[in-house]
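Below: the structure, in structure tokens.
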Amino acid sequence: MTGVSLPPIVLQSDRHLKWPAFDTLEWLLMLLCGVCLSGFTISTLIDVVTREAGYPLLWLQEVTTALFTYGVFVGSAVATRRNDHLFLSALTEKMTGNTRRFFEVFNRLVVLLVGVGMVVYGWQNFLTGFGSFRMPSMLPMSYLYIAIPLCGALVALFSLEQIVNGLRNGFQITVGDGVARDAGI
């Protein structure tokens, strides 16, 4: 079997903070996020139309909620890898040397700890969700709650990836001319 070539997803300016082994995972997570949020939008539209037509589909609210929940938590994990949110960069952008290194690592450690908290407490929430059920399907709430620890594990993993690579390669980006510039990370 030949390897499938996915379109490049990582900007070259961000490559120094990322392991190529996770690029396919990031691509799949971005695809899943897009499918979930597109499905959420479409299911909401269908829900409104069927309600206005006088023929509501009650199960559609469950689908909408599940798509929104998974879209948000998968999107949070992807955004962590892409440095698109969860970071306080205004201060670190202006710093250099060991001071910048300390605050870049500190910021990512905070995010990593949030991810670990999501795993621990999300797992507890998942387990208690087997005692509550969605209507009208009677599915346990756990099918929604499992998104929390999964997101937390990915957030922690991607934060660890950036800490290790940032300590090895530096946190500033290098652009085409080879000059290190602030990334706004």
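Rule-based calculations on the coordinates, nothing more; no lab input. Source: prediction; values computed, not measured. Every residue, glycine as well, gets a Cβ built from its backbone with ideal geometry; the counts of neighbours run over all protein chains shown.
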Tilt, helix 97-128 to longest principal axis of the chain (alpha-carbon atoms), in degrees rounded to tens, equals 20
Which order do peptides 39-52, 148-161, 112-125, 62-75 fall in by mean Cβ count within 10 Å, highest first? 148-161, 62-75, 112-125, 39-52
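If you average over every viewing direction, what projected area does the convex hull of the Cα atoms of the chain give, in nm²?
Averaging across all directions leaves 14.4 nm² for the Cα convex hull.
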Summing -39500 (n - 2.57) over every DSSP H run of at least 4 residues in the chain and dividing by its residue count gives a helix-only mean residue ellipticity at 222 nm, to the nearest 500 deg cm²/dmol, of -21000 deg cm²/dmol
In degrees, nearest ten, helix 59-81 long axis to first principal axis of the chain (Cα): 0
